[in-house]
Amino acid sequence: MTLVIHAFGATNVGRIREHNEDNFMAGRTVFAVADGMGGHAAGEVASEAALGPLREIDGTTYADGAAATEALAAAVSEANEAVIGQASADPELSGMGTTLTTVMVRGARMHLAHVGDSRAYLLRNGILEMLTEDHTLVHQLVKEGRLTEEQAAVHPQRSVITRAIGVERGVLVDTMPEPLELAPGDQVLLCSDGLTGPVSDALIAEILSSEADGDTACRRLIDAANAGGGPDNITCVLLRAEGDGAAAVPGPVTKAGATDDDATADLGDPAALDARRLAELGAGSEDSPEIQAEERSQKSRRMGAGILGVILILAVIIGGAVLLLNRSYYVGLDDQRSVGIYRGIQGNVLGLSLATLVEPQGLVLDDLPEHLHSALFDGVPFPTLAGARMYVDDTLLPSRLGPSEPESPPTDAPSAGASAGAGDEPKDTPSLPSPTTAPQPEPAPS
Ligand code: CA
């Protein structure tokens, strides 16, 4: 039996944003979603730059699974360097960053690498499973038992991310310990938070399960996000694994070029695939001798790795504790309720403080709206100083309460407009055209 992967992708600006800062790629073997952030058009530059190293490895074959995962993670690290490099070369781009969630399909196996709050899901037998973990503040608080999933879903700081491409050198990249074995009927969805914010997992599963056409499925997901307000840019990359038997993905095989959407990539027509691609994507259920040999050697490597693993875990725990104190940051308060960025962790052990103030912010708690207070009392943690600064710049400073306005007497000419529009300017000014293939807003769905 042969497994063929059909790929589809689409992106949409949503209903609120002026720019589409998301980007995606649907290559031969590598697929990715990147959700950029930054002032003006910088987010678009970051998400596009991050895809460069992935394009370079697209279609490459690797000796074994470990090498493939390593190459994918290395490309994500290179993406981090590339974004940092561009940002430091151009002051206009300073502070830009992006998420990056990517998979590589190798035979019937799928490798994954991930940084940020875009997501990868697997839909198998009608059940939708998240393959990635959000690198967000609220997810961290959920893991620590300080928020419930329900509270996190509506939390005002739910978009604060704790890990991103382009923020700090040596970014930690999540990978799966073992590649995922794809089976006929499996669907893998990569998407930005513009989809998962307004659209529930249940609705995503329903659309993917019920829609036979991959392009239409992507479009329906985007429509659902826009129907939910479309607060952010929305991007989907969908992979569908189809066996050559009758019990495969229901419905017709989509033909290349059957879509009028420039941003959709349909690699679905097997006739359009060259022999090399078929060799890469078509995996027999009878594994080739090379793959069997690889599996045997992986097994013996795993046994040896067991003992080494225990030693390593102990080292990591001790090293991690030291690193945590040196590398963790939080935004918190001092005794005078002044806001500052601290290195270390909130609290003390035997009366010994575990944190040092690194950057006072000239801001006191009373300057800020009440919904931010309890988080600041607890200390809002970040893995990097840049992350903590971003939180101050993007969340605290914009929500700073103005000084109580003196009662100004009504003017004689209220229409003079002395204050009309003040403080009302759009955050993003129209800027460079998008360097990407992201399509412009679509006409309202019929
Ligand atoms: Ca987003």
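Counting only C-alpha contacts under 8 Å and six or more residues apart, can you give the relative contact order of the stretch 1-145 as a whole percent?
Relative contact order for the stretch 1-145 comes out at 20 percent.
Which ³J(HN,Hα) values in Hz, rounded to whole numbers, follow from the phi angles of the stretch 233-238 under the Karplus curve 6.51 cos²θ - 1.76 cosθ + 1.60, where θ = phi - 60° and Gly and Pro get x?
Per-residue couplings from phi come out as 5, 10, 9, 10, 10, 10 Hz.
Accessible area, 1.4 Å probe, largest first: how do Phe31, Phe377 sort?
Per-residue accessible area, sorted high to low, gives Phe377, Phe31.
With +1 on the Cβ of every Lys and Arg and -1 on the Cβ of every Asp and Glu, and nothing else charged, how large is the dipole of the stretch 45-107 about its Cα centre, in debye rounded to the nearest 20?
Taking the Cα centre of the stretch 45-107 as origin, the dipole is about 180 debye.
Quick one: what Rg and Dmax do you get for the stretch 112-175 from the alpha carbons, in Å?
Rg, Dmax (Cα atoms, Å): 13.0, 40.
Could you rank the peptides 153-163, 7-17 by their average count of other C-beta atoms within 10 Å per residue, with the highest value first?
7-17, 153-163
How large is log10 of I(q)/I(0) for the stretch 52-113 at q = 0.12 Å⁻¹ when the intensity is taken from the Debye formula with one equal scatterer per alpha-carbon?
Once normalised to I(0) and log-transformed, intensities are -0.35.
So for each of 32-44, 359-371 I average, over its residues, the number of other beta carbons within 10 Å; can you give me the resulting order with the highest mean first?
Most protected by this proxy first, the peptides run 32-44, 359-371.
Tell me, in nm to one decimal, what length is gained between Arg55 and Ala386 on full extension, where the rule is 0.36 nm per residue of separation less the Cα-Cα distance?
That works out to 116.4 nm of additional length.
I'd like the carbon and sulfur percentage of the solvent accessible area for the stretch 70-222, probe radius 1.4 Å, heavy atoms only, ligands and nucleic acids excluded.
51
What are the principal axis extents of the Cα atoms in the stretch 70-167, in Å, biggest first?
Result, largest extent first: 45, 42, 19 Å.
Return the long-range amide H neighbours of Gly9 (sequence gap of 5 or more, or a different chain), with a cut-off of under 5 Å between placed amide H atoms.
Leu238, Ala265
How many nm is it between the label spots at Glu181 and Arg337, if each spot is 7 Å from the Cα in line with the beta carbon?
Here the answer is 5.9 nm between the modelled labels.
Could you tell me the extents of the stretch 148-222's C-alpha atoms along the three principal axes, largest first, rounded to whole Å?
In descending order, the Cα extents are 41, 33, 24 Å.
Residues with amide H under 5 Å of Ser118's amide H, sequence separation 5 or more or different chain, H placed in the peptide plane at 1.01 Å from N; which?
Leu100
Considering the stretch 1-158, what Rg and Dmax in Å follow from its alpha-carbon atoms?
That works out to 16.9, 54 Å for Rg and Dmax.
Using square roots of five times the C-alpha gyration tensor eigenvalues, list the equivalent-ellipsoid semi-axes of the stretch 1-89 in whole Å, biggest first.
Working through the eigenvalues yields semi-axes of 27, 19, 7 Å.
The values are calculated or read from the model by the stated rules, or taken from the named source; none is laboratory data. As the structure is a prediction and not an experimental result, all values here were calculated from the model. Cβ: placed from backbone, ideal geometry, glycine included. Neighbour counts: every protein chain shown. Surface accessibility is based on the protein's heavy atoms, side chains included, excluding ligands, DNA and RNA. Shrake-Rupley method; radii C 1.70, N 1.55, O 1.52, S 1.80 Å.
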